[in-house]
C-alpha cells in the first residue's frame, strides 16, 4: 500500500502543532508523507521583534519543527494578520492540493476566533470541489477526485460545535508534539508567554522550558477532554483524565470518510 499523504494547511507557523500535533506526530511515526503549510508568513506574532525580522525567524523555526518529526514544513508569503479568503489564496491552495495530491487535508474551521484561521478554513472549503475542475487554475493538472478534508480541533460553539467525527487519544504523542512546538521559540517562549502573562514564570533552562511547554499542552488537552465529554458519552466511549483528546470534523464539501479510510487517515481513532 502506498504511504498515506497528509497535508495540514494552517494560517500560521505553529498552528499545526497546536490544533493537530498528535495526529501529525502519529502519521510521521507511521511513515506517512506529511507536509505542513503555513499560509501566512507569521510577521505579526511578536511583541518586540519587527515584522520583517520576524518572518525569517518563524520560517526557520517551522522548518526545524517539521524536521524534528520528519515532515516538510512550508511557510508562504501572505502577510500575517491581514489574510482574506481571496481568489489568490484559493488558487494557491488549489495548486498545493493538486501538486501534493494528499489523501487527507487538515485545516481550520471557517468559524474561529482568529480572522486568519477563518480565512484559511473558508479558502480550503471553497477549494475542495474546485481541485477537480480542469479549467480552474489550468496550469496545474486537476485531480480526478478530491481528498478527505478534516477540520482541526477547536472548542467554539457558535454557530455550532465541532462535530466529533474522529476522536483520538494522543497521549503517546505528547513528547513528539512538545518537541515540535519547542522549535517555535519565538512563539511559545516569547510571544505567547508575553500574551498570556506568563513571562515571569518562564523557566531559564531549555530542559525546564520543555517541561513547562509540555504542561501547557496538558492543560490545553484537559480543556478539550472536558469540552467533548458529551460527545464521548453519546458515542459510548469511556475516558480517563490521562487521555489527551484530538477531535476532528469531516468536511461535507469534499470526499466523505469511509470506514476503510478512517483507520488509515486517523490511525487508532476511538470513533
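The values are calculated or read from the model by the stated rules, or taken from the named source; none is laboratory data. This one's a predicted model, so the numbers in the text were calculated from it and none came from an experiment. Note that each Cβ is placed from the backbone with ideal geometry, even for glycine, and that neighbours are counted across all protein chains shown.
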I'd like to check something: does region 3-13 contain any residue that is assigned to a helix (DSSP H, G or I) and touching a strand residue (DSSP E or B) at 6+ places or on another chain (Cβ under 6 Å)?
no
Can you spot a residue in region 227-239 that is under 19 Å from the mean Cα position of the chain (by Cα) and outside any helix (DSSP H, G or I)?
yes
Is it fair to say residue 190 is surrounded by 16 or more Cβ atoms within 10 Å (Cβ to Cβ), under 20 Å from residue 264 (Cα atoms), modelled with pLDDT of 95 or more and out of contact with any strand residue (DSSP E or B) (no Cβ under 8 Å at 6 or more places or on another chain)?
no
Would you please name the residue that is nearest to residue 230 (Cα to Cα), looking only at residues in region 161-192 that are in a loop (DSSP other than H, G, I, E, B) and in contact with a helix residue (DSSP H, G or I) (Cβ under 6 Å, 6 or more places away or on another chain)?
164
All-but-one check, residue 220 against (1) under 16 Å from the mean Cα position of the chain (by Cα); (2) crowded, with 18+ Cβ neighbours inside 10 Å; (3) assigned to a helix (DSSP H, G or I), failing number (2)
